[in-house]
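Every read-out reported here was derived from the displayed coordinates using simple, explicitly stated rules and does not represent laboratory data. The model shown is predicted, which means the values in this text are computed figures rather than measured ones. Using ideal geometry, Cβ is built from the backbone for each residue, glycine included, and neighbour counts are taken over all protein chains shown.
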Number of protein chains: 2
Amino acid sequence: MITGASEHATGLWAIHGSLLELDHQLDAIFLSWARELNAPEYRFPQFLAVQHLDRLQYFSSFPHLVTFAVSLDRDEEELKRFAKEHEVSADGSLELPMAPRVTHVVTPAACYHAYVEFEGQEFNEPKIITTRGTCCRREDYYVGLERQWIFSMREIVCIGTSEEVQTFLAEAQEKVDRFVRELGLNVTWEGATDPFFNPKNNPKYIFQKLDPVKQELVFDGRLAIASTNDHRSYFGDAFQLTRDGQTLSSGCIAFGMERWLSAFVHSFGEDPESWPAFKVSDV
Amino acid sequence: MITGASEHATGLWAIHGSLLELDHQLDAIFLSWARELNAPEYRFPQFLAVQHLDRLQYFSSFPHLVTFAVSLDRDEEELKRFAKEHEVSADGSLELPMAPRVTHVVTPAACYHAYVEFEGQEFNEPKIITTRGTCCRREDYYVGLERQWIFSMREIVCIGTSEEVQTFLAEAQEKVDRFVRELGLNVTWEGATDPFFNPKNNPKYIFQKLDPVKQELVFDGRLAIASTNDHRSYFGDAFQLTRDGQTLSSGCIAFGMERWLSAFVHSFGEDPESWPAFKVSDV
């Protein structure tokens, strides 16, 4: 494993030292781009309501990725019984007392919260914000820094007309291109689709294949470290984001923070002395 | 509600603007104290393994606070059935297909991860680190910035002999005292106990009552915004943290970030212009 990263449990890694310092420095760059776009920062909670995700048909499209946030029944006797009788088996698992009703999901993507934040609002000009969140996606297998159950995502999000969103995405992509050229990272932009469950039976997947809305910045031909996403009116419809009565589009650029760390280590080695220097330009 | 804070769902708040800026500035102060103590920073994952918490009798002591991280069975047919048949009821809840076996909990306290990180290690001198994490505690009721299902905690943690931990806690408490005096916050240190379930029947609670190990920094006589905790050998025993074959003690100082924001607004008003200025001193 890479120095400065340690596995705490399946899919769960900790970082410290030069890796964490690099994370801070990269995030400062992404934040400076947000500032150039006059995008204020938001910190969102890390659970999303089931009813918000359900509007997006999330549970049909991505059931394999979901992690629910489940608490025990508040009934005093139930809690007493659990406190006394719960049993952790040799494989480290524990049975919940009953099939629970769940109301929340651990956030699968940082930008979803932005549409909740702005639900029902009218915007007379493009609304651009940034947020960083801890995201959670269940996977069939995990790789440290590259495919984690829990990972960090920095996003810059734009809500506006279709043209405004496309202009935003093109500008964001330019900033990234300049930066990765300066660093000398071996990356290419590639058309991509979201990781749908059972994709061939999902009209959303077929739609994305026919009319690409997602571009991934792929490192060494194998690892997407950032993506641009044109959501069209998908979130605007679900959360009534409008201008002059017309539903708005949205789009985002997302940075998978741990994957950038992995790309650095794979490109330049583990010794931070050998990493290319970069700093936030004075804007 | 306070400007810059918004409720996304029960117990879940977002912040932006001056409040988020204040959070960054306060965290820079707490981080500077960590630097003065030569404490490197760690970023930990935000789930803890059931088997790690079980060693601490967590499920007997705090079942009412727990939120489990629950994914669906990976079986393709099960996922297909869920994707097709799940139903979100009018109250925004959804039934999981069966009583699941769970392996992880959403982190209830930032420092627990430190003992997992260092499990089985021997320390020849005090080991002091800092971390900031998103913590999760289910409560009977919620108040924005003050009692949230999800909240942010900055901690500085010391693993060492009993004397080393006590020295660390006293020094940390002095730093806090100097800072709150400079700010003019109305706070007092008070003896406290952890929020045990069914406390009168829990020997751990009775032990804490007899021999106080927790001090809370209480704002306006009602809101704990920080605490010092002397864990004795509780974590050292559970995670085999030793020196010369002897189990070590541990202790931490923890800052409830959103509660500091609330204390600022309640003390000095909503207008950031009226907040006392402070900055990280040159160390």
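Residues with amide H under 5 Å of B:Cys135's amide H, sequence separation 5 or more or different chain, H placed in the peptide plane at 1.01 Å from N; which?
B:Phe151, B:Ser152, B:Met153
Report, in deg cm²/dmol and to the nearest 500, the calculated mean residue ellipticity at 222 nm for chain B, where each DSSP H run with n ≥ 4 adds -39500 (n - 2.57) and the sum is divided by the residue count.
Numbers: 9 runs with 93 residues, N = 283.
The helix contribution divided over chain B gives -10000 deg cm²/dmol.
Take the Cβ-Cβ distance between A:Lys279 and B:Ala277 as r, set R0 to 41 Å, and report the resulting FRET efficiency rounded to the nearest 0.05.
The formula returns an efficiency of 0.90 here.
What value in Å³ per residue do you get for the convex hull of the alpha-carbon atoms in region A:1-114?
Numbers: hull volume 21.0 nm³, N = 114.
It comes to 184 Å³ per residue, whole-number rounded.
Shortest first and in nm with one decimal, please list how far the B:Asn38 label point sits from its counterparts in the other copies (point 7 Å along Cα→Cβ).
For B:Asn38, the other copies' label points sit at 4.9 nm, shortest first.
Taking a label point 7 Å out from Cα toward Cβ, give me the nm distances from B:Thr10 to the same spot in the other copies, shortest first, one decimal.
B:Thr10 label point versus its equivalents elsewhere: 3.1 nm.
Once a ≥ b ≥ c are taken as the square roots of the eigenvalues of the Cα gyration tensor of region A:98-201, is the result rounded (a/c under 1.5), prolate (a/b larger than b/c) or oblate (a/b not larger than b/c)?
oblate
Can you tell me the dipole magnitude for the protein assembly as shown around its Cα centre, using point charges on the Cβ only (Lys, Arg +1; Asp, Glu -1), in Debye to the nearest 20?
Using Cβ point charges on Lys, Arg, Asp and Glu, the protein assembly as shown gives about 500 debye.
How much net charge surrounds A:Lys80 when only other residues with a Cβ under 14 Å from its Cβ are counted (Lys, Arg +1; Asp, Glu -1)?
That sum, taken over residues with Cβ under 14 Å, equals -2.
Quick one: grab the alpha carbon gyration tensor of chain A, order the square roots of its eigenvalues as a ≥ b ≥ c, and give me rounded if a/c is under 1.5, else prolate or oblate depending on whether a/b is larger than b/c.
Judged from the Cα gyration tensor, chain A comes out oblate (a/c at least 1.5, b/c at or above a/b).
Using alpha carbons only, how many angstrom separate the centre of region A:204-241 from the centre of region B:27-65?
Comparing the Cα centres of region A:204-241 and region B:27-65, I get a distance of 35 Å.
Along the charge dipole of region A:93-228, which of A:Phe196, A:Gln121, A:Leu94 sits closest to the positive end, that is, farthest toward it, with unit charges on the beta carbon of Lys, Arg, Asp and Glu (+1, +1, -1, -1)?
Positive-end residue among those listed: A:Leu94.
Past 28 Å, Cα to Cα: identify those pairs from A:Lys80/B:Lys84; A:Lys127/A:Lys175; B:Lys127/B:Lys175; A:Lys279/B:Lys279, in the order given.
Result: A:Lys80/B:Lys84 exceed 28 Å.
Pull out a ≥ b ≥ c, the square roots of the eigenvalues of the alpha-carbon gyration tensor of region A:69-110, then state rounded if a/c is under 1.5, prolate if not and a/b is larger than b/c, and oblate in the remaining case.
Cα axes put region A:69-110 in the oblate bin.
In which sequence would A:His231, B:His266 go, from the one with the fewest C-beta neighbours within 10 Å to the one with the most?
Fewest-to-most ranking of A:His231, B:His266: B:His266, A:His231.
Going 7 Å from the Cα of B:Asp73 toward and past its Cβ, which residues in region B:99-119 have a backbone nitrogen under 17 Å from where you end up?
Under 17 Å, as judged by backbone N against the label point of B:Asp73, lie B:99-103 of region B:99-119.
With labels modelled as points extended 7 Å from the Cα through the Cβ direction, what inter-label distance (nm, one decimal) is found for A:Phe123 paired with A:Gln246?
The two pseudo-label positions are separated by 1.5 nm.
Rounded to the nearest 20 debye, what is the charge dipole size of chain B about its Cα centre when +1 sits on each Lys and Arg Cβ and -1 on each Asp and Glu Cβ?
The dipole magnitude comes to about 400 debye.
Could you check the simple spin-label distance between B:Thr161 and A:Glu36, using points 7 Å along Cα→Cβ, in nm with one decimal?
Spacing of the two 7 Å Cα→Cβ label points: 5.5 nm.
Using the C-alpha atoms of region A:93-157, what convex hull volume per residue, in cubic angstrom, is computed?
Once divided by residue count, the hull of region A:93-157 is 123 Å³.
If the label for A:Gln25 sits 7 angstrom from Cα along the Cα-to-Cβ line, what are its distances to the same label in every other copy, in nm to one decimal, shortest first?
From this label point to the equivalent ones elsewhere in the assembly: 2.8 nm.
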